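Input: a single structure, listed below in structure tokens.
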Amino acid sequence: MERSADLHIHTTASDGRFSCEEVLERAQASHLQAIAITDHDSVENVERAIALTSESDLEIISGMELSAVDYGQDIHILGYLMDIHDVHLQEMLDAFREARYTRAQKMVLNLNAIGVDLKFETVLKQAGSAPIGRPHIAGAMVEEELVYTFDEAFAKYLNFESPTYVHKMEITVRRAVDIIHDAGGVAILAHPGTLDNPDEIIAKLIPQGIDGIEVYHPEHNHERIKHYLELTRQYGVLVTGGSDSHGSQSKRNAIGGSTVSYASVRELKKYQERNYQQRSLS
Ligand code: AMP
Ligand code: ZN
Ligand code: FE
Ligand code: FE
């Protein structure tokens with residue numbers, strides 16, 4: 001029988017808590033047919049996952065998650081099936097990584113200025129080799145006992161509205177889509193349910209090269225799922241889905257907790273093959 005796929009998983013190569021090996025173990029225990037590792041601004045664990053599963057029947061789809069800013073909102077774009085060795089893609093990911101480092105330094109300085117005595121070294125330790133994200137800063141604040149919980153760090157200091165917040169390197173959705181397409185990949189709008197006025201935003205983004213919508217996501221209830229499925233039919237775009245697992249913090253985001261049918265994975269691959277041939281001819 002054909003099983004399902006979880007196409008949205010973070011690892012320690014970005015702000016997830018599970019290593020590549022831990023993710024694979026859990027994916028196999030959940031009897032998934034395919035998974036995509038979609039770290040923020042990193043494809044570091046994609047190749048590792050492929051190598052580690054060469055003897056198993058778990059299929060690895062190459063992935064990543066880019067953040068864009070458009071219409072005053074943080075909009076996440078998932079990239080699938082890119083050539084992860086593409087030189088331009090690697091250059092872009094390096095630039096994002098550097099910008100994230102500087103941004104984290106600034107956020108720590110801002111926190112210090114309001115009397116929160118966080119050390120940048122603790123943030124670096126939390127991030128390890130990953131591009132630094134706010135969850136690493138939150139983890140460092142917990143470690144230094146400046147807050148009681150991870151959520152408290154976000155609620156008090158790390159959210160979009162906080163005066164100590166610093167934006168990431170700002171790219172538009174169109175730019176994110178181009179980066180993905182130029183590396184031979186497919187661009188999917190991640191978790192539209194988390195946006196303000198999602199339907200309006202979707203209507204504006206589809207003509208900018210978005211190839212599909214992440215329909216299945218823990219933030220989407222049944223009604224939302226039905227609605228986004230309907231939109232994918234209306235616009236004639238792809239359907240994807242996944243758990244957006246970041247580790248063990250919450251049950252809702254458990255690996256395999258939100259999935260898409262393997263039929264949709266097949267559509268994704270067919271679409272990529274067709275479009276990549278067209279792009280390399282033009
Ligand atoms: P960044 O890319 O550095 O801006 O961090 C974004 C990541 O922080 C998201 O992908 C989530 O994993 C996490 N995040 C954002 N908001 C919250 C929140 N309110 N509570 C917990 N985690 C959050
Ligand atoms: Zn994340
Ligand atoms: Fe996201
Ligand atoms: Fe994510």
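Could you please tell me which pairs satisfy a Cβ distance under 8 Å, a separation of 6+ or placement on different chains, a first residue in segment 70-85 that is closer than 13 Å to Asp182 by Cβ, and a second residue that is within 16 Å of ligand 4 (Cβ to nearest atom) and of a type in the set (Asp, Glu)?
Short answer, once both residue conditions are applied: Gly79/Glu65.
Closer than 17 Å to Arg17 by Cα, without any contact (Cβ under 8 Å) to a residue 24 or more places away in the chain, in a helix (DSSP H, G or I) and away from ligand 4 (no atom under 16 Å from the Cβ): does that describe Asp151?
Details: closer than 17 Å to Arg17 by Cα: yes; without any contact (Cβ under 8 Å) to a residue 24 or more places away in the chain: yes; in a helix (DSSP H, G or I): yes; away from ligand 4 (no atom under 16 Å from the Cβ): yes.
Considered against the rule, which asks whether it is closer than 17 Å to Arg17 by Cα, without any contact (Cβ under 8 Å) to a residue 24 or more places away in the chain, in a helix (DSSP H, G or I) and away from ligand 4 (no atom under 16 Å from the Cβ), Asp151 comes out as yes.
When you scan segment 191-210, how many residues do you find that are in a loop (DSSP other than H, G, I, E, B) and either surrounded by fewer than 22 Cβ atoms within 10 Å (Cβ to Cβ) or under 15 Å from the mean Cα position of the chain (by Cα) (or both)?
Start the filter on segment 191-210 by keeping residues that are in a loop (DSSP other than H, G, I, E, B), which leaves 191, 195-197, 209-210.
Adding the requirement that they be either surrounded by fewer than 22 Cβ atoms within 10 Å (Cβ to Cβ) or under 15 Å from the mean Cα position of the chain (by Cα) (or both) leaves 191, 195-197, 209.
So the answer is 5.
Could you list, in sequence order, all residues of segment 1-34 that are closer than 20 Å to Gly212 by Cβ and within 16 Å of ligand 3 (Cβ to nearest atom)?
Asp6, Leu7, His8, Ile9, His10
Within the set of pairs 6 or more residues apart or between chains, which connect a residue that is closer than 8 Å to His217 by Cβ inside segment 189-201 to a residue that is away from ligand 2 (no atom under 16 Å from the Cβ) and among the charged types (D, E, K, R) with Cβ atoms less than 6 Å apart?
The qualifying pairs are Gly193/Arg224.
Consider Gly184 against the criteria (1) surrounded by fewer than 23 Cβ atoms within 10 Å (Cβ to Cβ); (2) without any contact (Cβ under 8 Å) to a residue 40 or more places away in the chain: it satisfies all of them except one. Which criterion is unmet?
For Gly184, the failing item is (2).
Any chance you could count how many residues in segment 114-148 are more than 16 Å from ligand 4 (Cβ to nearest atom) and in a helix (DSSP H, G or I)?
Keep residues of segment 114-148 that are more than 16 Å from ligand 4 (Cβ to nearest atom), which gives 114-129, 137, 139-148.
When the remaining residues are screened for being in a helix (DSSP H, G or I), the result is 120-127, 137, 139-143.
So the count comes out to 14.
Looking at the structure I just gave you, is Val215 within 16 Å of ligand 3 (Cβ to nearest atom), under 23 Å from Asp39 (Cα atoms), touching a strand residue (DSSP E or B) at 6+ places or on another chain (Cβ under 7 Å) and hydrophobic (A, V, I, L, M, F, W, C)?
Values: within 16 Å of ligand 3 (Cβ to nearest atom): yes; under 23 Å from Asp39 (Cα atoms): yes; touching a strand residue (DSSP E or B) at 6+ places or on another chain (Cβ under 7 Å): yes; hydrophobic (A, V, I, L, M, F, W, C): yes.
Criteria met by Val215.
Exactly one of (1) at pLDDT 95 or above; (2) within 16 Å of ligand 4 (Cβ to nearest atom); (3) in a loop (DSSP other than H, G, I, E, B); (4) not acidic (Asp, Glu) is unmet by Lys168. Its number?
For Lys168, the exception is condition (1).
Specify which of the listed residues (Ser54, Ser62, Ser4, Ser14) is surrounded by fewer than 18 Cβ atoms within 10 Å (Cβ to Cβ) and either under 16 Å from Gly242 (Cβ atoms) or more than 16 Å from ligand 1 (Cβ to nearest atom) (or both). Talk me through it step by step, then tell me what you get.
Numbers: Ser62 fails: surrounded by fewer than 18 Cβ atoms within 10 Å (Cβ to Cβ); Ser4 fails: surrounded by fewer than 18 Cβ atoms within 10 Å (Cβ to Cβ); Ser14 fails: surrounded by fewer than 18 Cβ atoms within 10 Å (Cβ to Cβ).
Selected residue: Ser54, the only one of Ser54, Ser62, Ser4, Ser14 that is surrounded by fewer than 18 Cβ atoms within 10 Å (Cβ to Cβ) and either under 16 Å from Gly242 (Cβ atoms) or more than 16 Å from ligand 1 (Cβ to nearest atom) (or both).
The values are calculated or read from the model by the stated rules, or taken from the named source; none is laboratory data. Keep in mind it's a predicted model, so treat the numbers as computed, not measured. FYI the Cβ positions are ideal-geometry reconstructions off the backbone, even for glycines, and counts take in every protein chain you see.
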